[in-house]
Amino acid sequence: MTRVVFVAPSLNGGGAERAAVTVLNSLDASAYARALYLFRREGPYLRDVAAGIELTSPDRDDRIARVRRLAEFLRAWRPDIVVSFLSYFSVLLAMRLARSRARFVINQQTPLSAFLTDRDYAWRKPVRRRVFERVARFVYPRADAVVATSRGVGDDLVEHFDVLPRAIATIPNPVDLAAIARAIAEPIDPPLADGPPLIVTAGRLAEAKNFPLLVGALRRLKQTYPFRALVLGTGELESDIRRRIEAAGLASDVRLCGFQSNPWKYMARADVFVLTSRYEGFGNVLVEAMACGTPVVATASPGTRAIIEDGVNGMIVDRHDADAVAAALGRVLGDREVRARLARGARQSAAAYDAPAIAAAYERLFLHLVA
């Protein structure tokens with residue numbers, strides 16, 4: 001039996017954390033001994049970890065001792081494969097300290113070059129960025145494989161961070177279609193009253209998601225179409241986004257709903273789902289909305305282009321500006337036939353990302369690595 005451990009900082013509500021849990025849950029339990037090591041045992045996805053997975057974390061969050069404690073676990077558990085979701089350098093150091101002979105796999109969710117320019121992170125500062133880039137050029141080439149969630153993510157690593165093309169395995173994030181099908185039946189409390197068309201978006205309220213662009217687009221859209229909009233998620237920019245909504249005269253049209261453990265019941269009731277990110281490595285919420293049978297509109301980036309075929313299963317907005325996003329939303333809201341066509345294409349496309357199919361891709365990679 002192959003022994004596999006996934007390592008993550010925590011299970012705090014991000015796409016990488018949800019992907020880690022979904023993939024690990026979906027691996028064949030008769031072929032894999034599975035463990036999940038967290039630097040901090042916290043986050044909403046803890047409840048989703050399957051009973052057959054060994055869940056381990058240190059008794060306290062001690063950054064200085066973090067590498068040593070992971071090394072102790074690796075020595076005791078003796079995995080064949082270690083998959084790191086974030087904290088790659090710490091994981092590699094722990095493997096070296098433990099003298100582990102396991103295969104080292106990095107899961108890369110976003111284009112690293114874009115991440116390093118993100119104002120939400122300290123790495124954007126020139127000195128820290130140079131340090132990070134040097135560390136990245138040391139760590140990434142030492143991985144036995146790098147799982148990139150889209151081709152654009154992998155190409156960025158090859159071009160800028162010395163990763164060999166043969167080390168890249170492009171595997172998108174999984175979506176649990178069965179769980180979504182059950183979740184959308186859950187009622188919304190309080191119920192959504194009948195009214196104008198419903199627009200939904202979801203994501204961390206942060207720089208990368210570019211909510212100022214969304215607010216600007218909704219302000220322009222309101223001149224032509226009445227609507228209601230729900231924003232699902234929390235983050236450090238919440239107060240700034242509230243101010244922008246009020247300044248745009250949208251306080252009665254847009255509601256910030258905070259983190260939702262079941263966002264899919266909102267997505268399924270939407271007339272359109274919109275994502276205005278500056279960049280995406282994959283765009284989990286797009287596939288989730290598509291699985292709900294909801295037309296999607298998204299700004300162009302490597303991750304959204306990997307998912308959306310423009311005009312077939314959604315709409316891609318090449319220009320990241322408010323007029324272009326508003327025009328795309330207006331086209332969907334203003335044409336019943338377009339909505340129906342995109343909804344059909346969305347459901348069909350979402351099937352390719354079902355958790356068992358993505359887990360099978362990981363299993364093929366693992367078999368190759370241990371052969």
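For the stretch 16-42, what are the residues that are touching a Pro at 6+ places or on another chain (Cβ under 9 Å), surrounded by 20 or more Cβ atoms within 10 Å (Cβ to Cβ) and assigned to a loop (DSSP other than H, G, I, E, B)?
If the condition is that a residue be touching a Pro at 6+ places or on another chain (Cβ under 9 Å), surrounded by 20 or more Cβ atoms within 10 Å (Cβ to Cβ) and assigned to a loop (DSSP other than H, G, I, E, B), then PHE39 is the only one that fits.
From the list THR276, THR294, which residue is closer than 18 Å to ILE184 by Cβ, of a type in the set (Ser, Thr, Tyr) and at pLDDT 95 or above? So that I can check it myself, show each step before the final result.
On the way: THR276 fails: closer than 18 Å to ILE184 by Cβ.
Unique residue meeting the criteria: THR294.
Would you mind stating whether ILE316 is not hydroxyl-bearing (Ser, Thr, Tyr) and not assigned by TED's automatic domain parsing to the domain that holds ARG269? Steps first, please.
On the way: not hydroxyl-bearing (Ser, Thr, Tyr): yes; not assigned by TED's automatic domain parsing to the domain that holds ARG269: no.
No.
If you check VAL200, VAL231, which single one turns out to be in contact with a helix residue (DSSP H, G or I) (Cβ under 7 Å, 6 or more places away or on another chain), in a strand (DSSP E or B) and closer than 23 Å to ALA19 by Cα? Can you show your working first?
Numbers: VAL231 fails: in contact with a helix residue (DSSP H, G or I) (Cβ under 7 Å, 6 or more places away or on another chain).
Only one candidate passes the filter, namely VAL200.
Considering every residue within the stretch 277-295, establish whether at least one is of a type outside the set (A, V, I, L, M), outside the structural domain of ILE358 (by TED's automatic domain parsing), in contact (Cβ under 8 Å) with a residue 12 or more places away in the chain and farther than 30 Å from ARG151 by Cα. Break it down stepwise before answering.
Narrowing the stretch 277-295 to residues of a type outside the set (A, V, I, L, M): 277-284, 288, 292-295.
Filter once more, so that each one left must be outside the structural domain of ILE358 (by TED's automatic domain parsing): 277-284, 288, 292-295.
Remaining after also requiring in contact (Cβ under 8 Å) with a residue 12 or more places away in the chain: 277-284, 288, 292-295.
Now drop any that are not farther than 30 Å from ARG151 by Cα, which leaves none.
No; the residues of the stretch 277-295 include none that is of a type outside the set (A, V, I, L, M), outside the structural domain of ILE358 (by TED's automatic domain parsing), in contact (Cβ under 8 Å) with a residue 12 or more places away in the chain and farther than 30 Å from ARG151 by Cα.
Give me the pairs, please: first residue somewhere in the stretch 94-115 and assigned by TED's automatic domain parsing to the domain that holds SER150, second residue anywhere and of a type in the set (D, E, K, R) and assigned to a loop (DSSP other than H, G, I, E, B), beta-carbon distance under 6 Å, and either six or more positions apart or on two chains.
ALA102/ASP80; ARG103/ASP144; PHE104/ASP144
Quick check: is even one residue across the stretch 75-92 among the hydrophobic types (A, V, I, L, M, F, W, C), at pLDDT below 95, under 17 Å from ALA19 (Cβ atoms) and assigned by TED's automatic domain parsing to the domain that holds PHE39?
Yes, some residue in the stretch 75-92 is among the hydrophobic types (A, V, I, L, M, F, W, C), at pLDDT below 95, under 17 Å from ALA19 (Cβ atoms) and assigned by TED's automatic domain parsing to the domain that holds PHE39.
Taking the residues in the stretch 194-227 that are closer than 30 Å to LEU24 by Cα, in contact (Cβ under 8 Å) with a residue 60 or more places away in the chain and not basic (Lys, Arg) as candidates, determine which candidate is surrounded by the most Cβ atoms within 10 Å (Cβ to Cβ). It would help to see each step written out before you state the result.
First, the residues of the stretch 194-227 that are closer than 30 Å to LEU24 by Cα: 200-209.
Now drop any that are not in contact (Cβ under 8 Å) with a residue 60 or more places away in the chain, which leaves 200-204, 206-209.
Okay, now just the ones that are also not basic (Lys, Arg), so 200-203, 206-208.
Working: VAL200: 24, THR201: 27, ALA202: 24, GLY203: 25, ALA206: 19, GLU207: 19, ALA208: 21.
Filtering first and then ranking leaves THR201.
When you go through (1) among the small types (Gly, Ala, Ser); (2) surrounded by fewer than 21 Cβ atoms within 10 Å (Cβ to Cβ); (3) free of Cβ contacts under 8 Å to residues at least 40 places away in the same chain one by one for ALA361, which number turns out not to apply?
(3)
Taking helices (runs of 4 or more DSSP H) that do not extend beyond the stretch 261-314, which have at least 1 residues that are surrounded by fewer than 24 Cβ atoms within 10 Å (Cβ to Cβ)? Spell out how you get there, then give the answer.
On the way: elements: 264-267, 284-291, 302-307.
Fully inside the stretch 261-314 and qualifying: 264-267, 302-307.
Select from the stretch 1-14 the residues that are under 21 Å from LEU232 (Cα atoms) and surrounded by fewer than 21 Cβ atoms within 10 Å (Cβ to Cβ) and list them in ascending order. Don't jump to the end; show me each part of the working.
Narrowing the stretch 1-14 to residues under 21 Å from LEU232 (Cα atoms): 10-14.
Hits for the stretch 1-14 are SER10, ASN12, GLY13, GLY14.
The values are calculated or read from the model by the stated rules, or taken from the named source; none is laboratory data. Please read all numbers here as calculations on a predicted model, not as lab measurements. Reconstructed Cβ throughout: ideal geometry from the backbone, glycine too, with neighbour counts over all protein chains shown.
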